[in-house]
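Notes follow the structure.
The values are calculated or read from the model by the stated rules, or taken from the named source; none is laboratory data. All figures in this text were calculated on a predicted structure; none of them were measured in a lab. Here the Cβ is made from the backbone with ideal geometry for all residues, glycine too, and neighbour counts use every protein chain on show. Surface areas here come from the heavy atoms of the whole protein model, side chains and all, with no ligands, DNA or RNA. Shrake-Rupley method; radii C 1.70, N 1.55, O 1.52, S 1.80 Å.
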Amino acid sequence: MRALVFKDFDAVELTDVPKPAIEEPSDALVKITSTAICGSDLHVLHGRIPGMTPGSILGHEFMGIVEAVGAGVSRFKEGDRVVGSFMIPCGDCWFCDRRLFSRCPDQRVFGYGSFLGDINGAQAEWVRVPNADIALHTIDPALTDEQALFVGDIFTTGVDCAAEGRIAEGDSVTVIGCGPVGLMAIQAAKAYRPGRIFAVDTVSQRLEMAQTFGAVAVDANSVHATTFIQDATDGRGTDVVLECVGLVPALADATDMVRAGGRISVIGVHSDPEFELALNMAFVRAIDIKFCGTANIVGRWDDALAMIKDGSASPDEIITHRMKLDDAVRGYELFESREALKVVLTP
Ligand SMILES: [Zn+2]
Ligand SMILES: [Zn+2]
């Protein structure tokens, strides 16, 4: 079958590889109908995730049709149309029992190398899905592939961030960072019917898209974003801030942009060891900082699908490029150069 494989750091290649097969009783074999390139595929590609073997398949956002299941799979059968979760929780640890799937210590990730389970990815014609009863979700025939595809990753990541921010109807919300996850956080936040959403970024294409999603674009190149947000909220700051960048200055801005007693929900991936938090300020202003960690896809994808079904979110609006799997290398180039915000590939 055709597949997009990791060749070396910064090099991918489309090539022929053996078609996967059922290996364990909990496996399903899924014939891919749509797959996408995710920002975290680039982390693998640039060597920020160690343990990637040359020749292994990339990709962890996918939809498809179940072609075969192992003897231990009870919830799926041949012919089911499914979306896959990027993460594969073990399903029976203390955390999984409490539906805290993203805290599962034994979770695996598609296309993420030997440290995360050595599972081939989904930018291919077929994918083997371990723990299929947990890692797959059936999709209503009323939804298109494009509508449901991001439920396995970026949209539900946005939902997780918005949910942890506990947005109430009428709240004001700031979203810092309008990359794909930030844009999905805006889509998800909308479903909670906030009053206003402010979208902070410096890239005009992202800000334009945030605006089409109904947010007020705050271009940090041309205005001082914190001042803008304070001015727009009578000096208070917004009720909720969704931090979708994962850098120290963004988190520092979040503490300035949130109102006293407000909530900061952090979905940006932080790797700095330290952050200087003024504890007297944090105490007096009573701010609540919640780190989401890796998003709880399997715990939240029912909520994500409900938002799409009732029309309160349309994550497919983020798609800028549709290509054949055979053009995936070009897709990576466009994504890397930020010409493409979201690329969907079809075999
Ligand atoms: Zn991803
Ligand atoms: Zn577990």
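Extents of region 58-120, largest first, come to 32, 27, 18 Å (Cα atoms, principal axes, whole angstrom).
Think of region 179-298 as a dipole: +1 on every Lys or Arg Cβ, -1 on every Asp or Glu Cβ, centred on the Cα centre; then among SER222, MET281, PRO194, PRO194 lies furthest on the positive end.
Averaging the sequence gap over all C-alpha pairs within less than 8 Å and six or more residues apart, then dividing by the number of residues, gives region 174-245 a relative contact order of 39 percent. Restricting the calculation to Cα atoms, the chain shows an Rg/Rh of 0.98 when the hydrodynamic-style radius is the Kirkwood one.
Here the label points at ALA71 and ASP133, each 7 Å from Cα along the C-beta direction, are separated by 1.5 nm in the simple model.
With the full set of protein chains in place, find how many percent of the accessible area of the chain is carbon and sulfur; take the probe as 1.4 Å.
50 percent
Average 1/r across all pairs of distinct alpha carbons in region 228-345, invert it, and you get the Kirkwood radius: 17.2 Å. Residue-wise HN-Hα couplings along region 300-317, as the Karplus relation 6.51 cos²θ - 1.76 cosθ + 1.60 with θ = phi - 60° gives them from phi, are 10, 6, 4, 4, 4, 5, 5, 5, 6, 4, 8, x, 7, 9, 9, x, 5, 5 Hz; Gly and Pro carry x.
With +1 assigned to the C-beta of every Lys and Arg and -1 to the C-beta of every Asp and Glu, and no other charges, what is the dipole magnitude of region 219-272 about the Cα centre in debye, to the nearest 20?
The dipole of region 219-272 has a size of about 160 debye.
Between the residues TRP126, GLY91, LEU58, the greatest Cα displacement towards the positive end of the dipole of the chain, with unit charges on the Cβ of Lys, Arg, Asp and Glu, is found for GLY91. Can you return the lysines within cross-link range of LYS77? Criterion is Cα-Cα under 24 Å, with same-chain partners fewer than 8 residues away left out. Cross-link targets: LYS19, LYS31, LYS309.
Using every pair of separate Cα atoms, the Kirkwood estimate puts the hydrodynamic radius of region 11-79 at 14.0 angstrom. For region 68-75, 3J(HN,Hα) computed residue by residue from phi via the Karplus equation (6.51, -1.76, 1.60; θ = phi - 60°) reads 7, 10, x, 5, x, 8, 10, 9 Hz, glycine and proline entered as x.
Do you know the relative contact order of region 38-155, to the nearest whole percent, from alpha carbon pairs under 8 angstrom that are 6+ apart?
Relative contact order, region 38-155: 31 percent.
For the chain, the dipole from Cβ point charges (+1 on Lys and Arg, -1 on Asp and Glu) about the Cα centre works out to 460 debye, to the nearest 20. Per residue, the accessible area of the chain comes to 42 Å² when a 1.4 Å probe rolls over the protein heavy atoms.
Length gained on full extension, ARG99 to VAL223: 40.5 nm, using 0.36 nm per residue less the C-alpha separation.
Summed over all non-identical Cα pairs, the Kirkwood treatment of region 61-207 gives a radius of 16.9 Å. Counting only aspartates and glutamates at least 8 places from LYS342 when in the same chain, those with an alpha carbon closer than 13 Å to its own are ASP41, GLU61, GLU146, ASP153, ASP316, GLU317, GLU333. Note on region 134-209: with charges restricted to the Cβ of Lys and Arg (+1) and Asp and Glu (-1), its dipole about the Cα centre is near 280 debye. With θ taken as phi - 60° and the Karplus curve 6.51 cos²θ - 1.76 cosθ + 1.60 applied, the whole-hertz 3J(HN,Hα) list for region 148-153 is 9, 3, 7, 5, x, 7 Hz, x standing for glycine and proline. The calculated 222 nm mean residue ellipticity attributable to helices in the chain amounts to -7500 deg cm²/dmol, summing -39500 (n - 2.57) over DSSP H runs of n ≥ 4 and dividing by all residues.
Counting Lys and Arg as +1 and Asp and Glu as -1, what is the net charge of the other residues whose Cβ lies under 13 Å from the Cβ of PRO130? Once all neighbours under 13 Å are counted, the net charge is -4.
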